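See structure below.
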Amino acid sequence: ASISKLFIATAIMQLEEQGKINIDEDINNYIPISIRNPHFPEIPITARMLLTHPSGIAWPQPYREALGIWEHFDADQAPPPSEWVPQFLIPLGEYYNSYIWKNTSPGTFELYSNIGSNVLAYMVEQISGQNFRDYCMDHIFIPLNMQNTSYNYADLDLNKIAILYNNNNTIQEPFDDRIYASGGLKTTIQDLSRFMITYINKGELDGRRILQENTVDMMLEIQNTTSGICLLWRASLGDWVGHTGGMVGTA
């Protein structure tokens with residue numbers, strides 16, 4: 001589920017290291033459309049805002065905010081962020097919903113946002129030229145030898161996929177959803193541990209480096225002392241950092 005957001009953060013910061021993005025510049029410098037909060041059209045939204053959640057983009061949670069966003073698709077069939085993000089966030093988009101934009105100036109009010117996180121995945125696709133699923137496979141999962149991890153069911157042994165359950169205790173068949181980049185990763189405890197150890201080791205595991213030490217330090221630096229938010233990571237209980245997650249069939 002939302003632990004997947006840590007992989008979005010990793011992808012964005014890899015591109016930052018390569019000089020392909022500056023997380024404190026207007027995101028519109030890196031994408032082919034203009035994304036601005038219509039209540040504050042003169043204020044740029046930055047990747048740092050999307051990484052720390054004060055962009056003004058809704059969770060979304062209430063029905064009027066979430067119209068169409070939680071739609072389920074067959075396994076591996078949800079549209080990529082590059083296809084759907086513009087349709088939800090620009091006024092002429094097919095799924096544009098004004099309630100998605102909050103009347104809070106970008107950079108001032110923290111509001112956890114699944115759509116905001118997917119804007120980052122959209123940026124990864126636009127900057128790298130790769131589908132987000134493929135980017136993570138090539139630049140994170142394979143380098144870290146995470147052999148049982150993917151955003152795609154097709155890459156995994158379906159006989160080993162855990163059964164999902166709905167709240168009424170009925171089985172939920174494998175599915176894809178529109179915001180899969182921020183919640184649709186499939187992995188194992190062993191593979192996820194390799195990712196965690198990589199961060200403990202400041203970006204390196206088994207001689208393979210996916211992030212520089214100073215980048216990891218920056219990602220884990222608290223940006224809001226009230227909430228403990230870092231760069232999608234969150235600090236809590238002293239020196240512990242991490243991210244929770246929950247959705248259909250998960251805990």
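What the table below lists for this structure:
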read-out: Matching option when the condition is under 19 Å from residue 150 (Cα atoms) and open to solvent by 70 Å² or more (accessible area, probe 1.4 Å), among 187, 244, 226, 198; value: 244
read-out: Which numbered condition residue 177 fails, given (1) open to solvent by less than 60 Å² (accessible area, probe 1.4 Å); (2) at pLDDT below 95; (3) more than 19 Å from the chain's Cα centre (by Cα); value: (3)
read-out: Complete set of residues in region 201-243 that are among the basic types (Lys, Arg) and outside any strand (DSSP E or B); value: 202
read-out: Subset of region 33-53 (residues that are touching a strand residue (DSSP E or B) at 6+ places or on another chain (Cβ under 8 Å), open to solvent by 10 Å² or more (accessible area, probe 1.4 Å) and either assigned to a loop (DSSP other than H, G, I, E, B) or modelled with pLDDT under 95 (or both)); value: 38, 39, 44
read-out: Restricting region 54-77 to residues that are in contact with a Gly (Cβ under 8 Å, 6 or more places away or on another chain) and of a type outside the set (A, V, I, L, M), the residue that is surrounded by the most Cβ atoms within 10 Å (Cβ to Cβ); value: 55
read-out: Region 107-127, subset in a loop (DSSP other than H, G, I, E, B) and under 12 Å from the mean Cα position of the chain (by Cα), residue surrounded by the most Cβ atoms within 10 Å (Cβ to Cβ); value: 113
read-out: Scope region 210-223; condition open to solvent by 70 Å² or more (accessible area, probe 1.4 Å) and without any contact (Cβ under 8 Å) to a residue 40 or more places away in the chain; matching residues; value: 213, 214, 217, 221, 222
read-out: Residue selected from region 61-106 under the condition small (Gly, Ala, Ser), in a loop (DSSP other than H, G, I, E, B) and closer than 19 Å to residue 123 by Cα, by the criterion nearest to the chain's Cα centre (by Cα); value: 78
read-out: Test for residue 130: is it polar (S, T, N, Q), under 30 Å from residue 204 (Cβ atoms) and open to solvent by 40 Å² or more (accessible area, probe 1.4 Å); value: yes
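The values are calculated or read from the model by the stated rules, or taken from the named source; none is laboratory data. This is a predicted model, so every value here is computed, not measured. Here Cβ is always computed from backbone atoms with ideal geometry, including for glycine, and neighbour counts include all displayed protein chains. The accessibility values were calculated without ligands, DNA or RNA, using every heavy atom of the protein model including side chains. Shrake-Rupley method; radii C 1.70, N 1.55, O 1.52, S 1.80 Å.
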